[in-house]
Amino acid sequence: MRYNTFVGYFKERYGERLQKIVLDAGFTCPNRDGKVGRGGCTYCDNAAFHPAYSTAGKSLVRQLDEGIGFHKVRYRNTTHYLAYFQSFSNTYAPLERLKALYEEALSHPAVVGVVIGTRPDCVDEDKLDYLADLAQGKILKDWVRMMPDMSVEPVMEEISGAVRAVRPLVPVRKPVVIVEYGIESCYDSTLARINRGHDFETARRAVEMTAERGLDVGAHFILGLPGETKEMMLEAASRINALPIRSVKFHQLQIVKGTRMEKEYAERKEDFVSFGLEEYIDFFVDLLERLRPDLYIERFVGEVPPRFVNETPWGLIRNAELLRLLEQRLEGRDTWQGRLL
């Protein structure tokens, strides 16, 4: 493999694929309720970024059950899941409420951990201390899941007509805890223009505070935000590399209907870098070459349902095909993640 996948990270560390189940726990955002700003980020319509089974008002257990049923169709051999608190800012609440929600999700027998999507300005020492204690097994004293023993070599067994590598199961008493920060850009001018409500220094401090506690940290960035050139996006790799993060997720900018960015795009199209599919694949290979080789790449594209956008310039191409195209381009250029470092 010419780059590190986050699915591969889970298999290396936990011996199996861990599938995220997106949850909507009814949070809001300080950039919407007036604490930081009003109206949210200019590109954002949260409904465009989560599946139908994830709906505020449903219990977390129901969302988990429906999400597991949804993913079982595609990943039939998956047995363990991560509760992904995705919608809005999932640390933006008093600590006692956060404890109740995270621990409710971890009570589901198929859930082995939580992934908490949030903003860099929505964490503090107390919340991070709690998450560190949760990850170290200090909170849920009776919590246990049976998972593959990674300390022994697997043996080959025939299961349902297929030969697979199998390890014995052992009790695991510490849930997976990952904090995923929406950083979006490394440039303060961009963050101000998209009404993000925080600067890059705020993001850097939040990431460092989280990593200092031994927690796995992920970061999310958008490629193609207004005012950023291709050169700026590539130069941002050095700032990303300097962050103590485990994984990184990239999305190409998609113009969602009804957002303020839709109006800005119509009025100032020249301020945007719009990628065709082939161009984006090549550009992302350029970026990969500049990213440190120990980073795990969780995503390099985003998918918004067609009803949320005025045009789908790449067509309805699926993620699996995009991954194939990326691997093909890396092979064709005989290059790999971190080659230029």
Would it be correct to say that Gly197 is surrounded by 14 or more Cβ atoms within 10 Å (Cβ to Cβ), closer than 20 Å to Val7 by Cα, touching a residue at least 24 places away in the same chain (Cβ under 8 Å) and of a type in the set (Gly, Ala, Ser)?
no
Over segment 167-194, the set of residues under 18 Å from Val36 (Cβ atoms), surrounded by 18 or more Cβ atoms within 10 Å (Cβ to Cβ) and not polar (S, T, N, Q) is Tyr181, Gly182, Ile183, Glu184, Leu191, Arg193, Ile194
Just one of (1) more than 25 Å from the chain's Cα centre (by Cα); (2) within 20 Å of Thr79 (Cα to Cα) trips up Arg145, so point out which.
(1)
Hey, any hits in segment 135-153 for a residue that's of a type in the set (Phe, Trp, Tyr) and under 30 Å from Gly34 (Cα atoms)?
no
How many of the residues making up segment 72-101 are of a type outside the set (A, V, I, L, M), open to solvent by 30 Å² or more (accessible area, probe 1.4 Å) and touching a residue at least 24 places away in the same chain (Cβ under 8 Å)?
7
For residues that are in contact (Cβ under 8 Å) with a residue 40 or more places away in the chain and surrounded by fewer than 17 Cβ atoms within 10 Å (Cβ to Cβ), scanning just segment 111-131, find the one that is farthest from Arg205 (Cα to Cα).
Asp129
Can you name the residue in segment 233-261 that is touching a residue at least 60 places away in the same chain (Cβ under 8 Å) and more than 20 Å from the chain's Cα centre (by Cα) and, of all such residues, is surrounded by the fewest Cβ atoms within 10 Å (Cβ to Cβ)?
Gly258
Quick one: which residue in Lys138, Lys99 is of a type in the set (Lys, Arg) and more than 22 Å from the chain's Cα centre (by Cα)?
Lys138
Output for Cβ contacts, cut-off 6 Å, separation at least six or different chains, first residue closer than 15 Å to Ser87 by Cβ and open to solvent by less than 50 Å² (accessible area, probe 1.4 Å) in segment 54-71, second among the small types (Gly, Ala, Ser) and at pLDDT below 95, reads Gln63/Ser54
Within segment 294-328, restricting attention to residues that are open to solvent by less than 60 Å² (accessible area, probe 1.4 Å), assigned to a loop (DSSP other than H, G, I, E, B) and at pLDDT 85 or above, which residue is nearest to Lys263 (Cα to Cα)?
Gly302
Helices (runs of 4 or more DSSP H) (entirely within segment 39-148) containing at least 2 residues that are over 22 Å from Gly197 (Cβ atoms) and modelled with pLDDT under 95:
60-72
Step by step: first the residues of segment 262-291, then only those that are part of a helix (DSSP H, G or I) and of a type in the set (A, V, I, L, M, F, W, C), then the one that is surrounded by the most Cβ atoms within 10 Å (Cβ to Cβ). Which residue is that?
Leu288
Taking the residues in segment 132-166 that are among the basic types (Lys, Arg) and open to solvent by 40 Å² or more (accessible area, probe 1.4 Å) as candidates, determine which candidate is farthest from Glu212 (Cα to Cα).
Arg164
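The values are calculated or read from the model by the stated rules, or taken from the named source; none is laboratory data. The structure presented is a predicted model; accordingly, all values stated were derived computationally and were not measured. Note: ideal-geometry Cβ built from the backbone for every residue, glycine included; neighbour counts use all protein chains shown. Ligands, DNA and RNA are stripped out before the accessible areas are found, and what is left, the full protein with its side chains, is counted by its heavy atoms. Shrake-Rupley method; radii C 1.70, N 1.55, O 1.52, S 1.80 Å.
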